[in-house]
Amino acid sequence: MKVAFVIFNQMTALDFIGIYDPLTRLRSMGLMPELNWDICAYTQSVVDDKELVFIPTKVAEPLDIYDLLIVPGGFGTRTLIKDKVFIEWLKTAAACQLKTSVCTGSLLQRFPLLRGTVKTTRKKSIQS
């Protein structure tokens with residue numbers, strides 16, 4: 001299985017690390033030795049909402065080679081839902097069998113990639 005962890009400016013690092021750590025341990029613990037992943041972004045570097053800097057392993061490359069797409073939440077999602085270039089890049093993940101998000105990452109459901117699927121988000125973010 002090949003996983004794409006999507007990161008972006010103003011994401012919440014905990015939303016990324018909170019799924020990255022246990023999922024990647026599946027390989028290091030020998031439970032899923034075939035598990036591979038990339039940290040994907042549309043920019044050369046990413047600064048989270050607390051100014052922590054991340055360097056992706058893949059930049060602006062199509063996401064159609066992945067089996068699982070994971071999008072974290074954070075205040076950056078509110079800007080990204082209006083960013084046509086980012087949304088077009090994210091749409092390259094249409095072929096991914098599994099698409100998931102953490103917290104407000106589900107706000108990205110406003111574009112067709114996630115329409116018609118069950119989604120949830122943080123209660124206070126529903127009006128965003």
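Values in this text are rule-based calculations from the coordinates and carry no lab data. Computed from a predicted model, the values in this text were never measured in an experiment. Positions of Cβ are generated from backbone atoms using ideal geometry, with glycine treated the same way; all protein chains shown enter the neighbour counts.
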Have a look at region 1-86 and give its Rg and Dmax from the Cα atoms, expressed in angstrom.
-> 13.0, 41
M32 neighbourhood, Cβ < 12 Å, K/R = +1, D/E = -1, net charge +1
Whole-Å semi-axes of region 1-48's equivalent ellipsoid, largest first, each the root of 5 times a Cα gyration tensor eigenvalue?
-> 23, 12, 6
Surrounding net charge for M11, when Lys and Arg each add one and Asp and Glu each subtract one, Cβ distance under 11 Å = -2
